Amino acid sequence: MNTKNFNFLVEFATKAPSGHNTQPWKFENFQDGIIIHPDFTRSLPVVDGDNHALYISLGCALENLIIVASQKGYECEIDYPTNNHNGITVLLRTNATDNPIGDELFDFIPKRQVNRSKYSDKNVNETELDILRTSFSFEGVSIILLNGKVSFERVIPLIIEGNNLQFQNKNFVNELTSWFRYSKSEAEEKKDGLWTAVMGLPNMGRFIGNFVMKNFVSAQSEAKRINDILNNTAGIAIFVCEKNDTISWINVGRAFQRFALTATKLGICHAHLNMPCEEISIRHKLAKELGIEKQHPLLLIRFGYADKMPYSLRRNIEDVIIKGN
Ligand SMILES: Cc1cc2nc3c(=O)[nH]c(=O)nc-3n(C[C@H](O)[C@H](O)[C@H](O)COP(=O)(O)O)c2cc1C
């Protein structure tokens, strides 16, 4: 593919979400298409020991890439990796038609964001819930939508239990804070990670930021914040897969990305509360609570209405492509 089209596709692909905004991907241009490689130098060994979240992030980037490719008149064929080391090969064929149909979600790729603010108390109506429920179709991946606080009250204790386990683990906190970007200048220099402004926090610099994290943020303070947030959440979406393997993780990412773009189109915000999915013992309890013991709940997303937040940054294209192409 020519460099101009390749860069265009990659630019949109990298607008995908990723755990801690690590952007764990590299893109390779080859004659018949693009390979999305995992970048394990950007993995999260504590919170994501098996790299399932890393492959979910690659799935989100893949879905963006497919949407943009269809907009540019390409048809895609996906060659999935069969292990959690290899990349995803996207074979691209030029569509014979001069007027490609494209994908209506294309316009919402730059508008989508994870919004961690407190939402309003407005509920999502049934028509929009149905649109969200049917926003994707991938074999082996399903969604459980819990709308209204009464319907998700039973999962709140599991969110808090997962949160407590994580914040009591020094290694988790160290890994998390290593991806914090405490000031605009640090965020702009690194162009990755979790910028405080995006999380609704002030600029504070790394020294003060680390002091605040160590002395004022605890399992208890986070639990209080989460309870408060959940009092103002319209609903919860849980992404579930039948198998816990690389292909399923990628498809969960693809499904989540379509859900997130569809929500953006509807003016509905979303943010992750993944703690019960990340802690394996709690993941089992969650599956039991939901009556899906043999399946794997991998993402837990709150949704509702709120004002926009500042956007997360992305690295430059030249930092995410494999050179020599
Ligand atoms: C697999 C995955 C797991 C994530 N887990 C969390 C999480 O537990 N908590 C959170 O606040 N955000 C989580 N996020 C959201 C990312 O932090 C977010 O996508 C990233 O910071 C980039 O921001 P943006 O999506 O608004 O562009 C997750 C995203 C992905 C794809």
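For the range 161-176, just list the computed ³J(HN,Hα) in residue order, Karplus coefficients 6.51, -1.76 and 1.60, θ = phi - 60°, integers in Hz, with x standing in for Gly and Pro.
5, x, 4, 5, 4, 5, 6, 7, 9, 4, 5, 5, 5, 5, 5, 4
Expressed as a fraction of 2.2 N^0.38 Å, the rule-of-thumb size for a compact globular protein of N residues, what is the C-alpha radius of gyration of the range 3-111? Spell out each step's value before the answer.
Details: Rg = 14.1 Å, N = 109, 2.2 N^0.38 = 13.1 Å.
In units of the 2.2 N^0.38 Å rule of thumb, it is 1.07.
Of the candidates ILE101, ILE160, ILE78, which one comes out as most mobile in a Gaussian network treatment of the chain with C-alpha springs shorter than 10 Å?
With Cα springs under 10 Å in the chain, the top fluctuation among ILE101, ILE160, ILE78 is at ILE101.
Please state the Cα pair-distance histogram of the range 54-166 with 5 angstrom bins from zero: what percent is in each bin?
Taking all Cα pairs of the range 54-166, the binned fractions are 2, 8, 11, 16, 18, 16, 12, 8, 5, 2, 1, 0 percent.
Please compute the modelled spin-label separation between HIS284 and SER218, points set 7 Å along Cα→Cβ, answer in nm with one decimal.
Once both label points are built, they end up 3.0 nm from each other.
So for each of 306-316, 114-124 I average, over its residues, the number of other beta carbons within 10 Å; can you give me the resulting order with the highest mean first?
Working: 306-316: 14.9, 114-124: 17.1.
Top of the packing list down: 114-124, 306-316.
Could you report the range 87-236's accessible area per residue, 1.4 Å probe, as an integer in Å²?
On the way: 8080 Å² over 150 residues.
Normalised by residue count, the accessible surface of the range 87-236 is 54 Å².
Dividing the Cα radius of gyration by the Kirkwood radius, what Rg/Rh value follows for the chain? The partial results should precede the final answer.
Values: Rg = 19.2 Å, Rh = 20.2 Å.
Ratio of gyration radius to Kirkwood radius for the chain: 0.95.
Over the chain, with every protein chain in place, what whole percent of the accessible area is carbon and sulfur at 1.4 Å, could you tell me? If you can, show how the numbers build up before the last one.
Details: 7480 of 14800 Å².
That share works out to 51 percent.
Any chance you could run the full-extension gain for SER120 through ASN99? It's 0.36 nm times the residue separation minus the Cα-Cα distance, nm to one decimal. Kindly include the intermediate steps, with their values, before the conclusion.
On the way: separation 21, 0.36 × 21 = 7.56 nm, distance 4.11 nm.
Value of the extension gain: 3.4 nm.
The values are calculated or read from the model by the stated rules, or taken from the named source; none is laboratory data. Here the structure is a predicted model, which is why all the values come from computation and not from measurement. Neighbour counts run over all protein chains shown; Cβ positions are idealised from the backbone, glycine included. Accessible surface areas use protein heavy atoms only, side chains included; no ligands, DNA or RNA. Shrake-Rupley method; radii C 1.70, N 1.55, O 1.52, S 1.80 Å.
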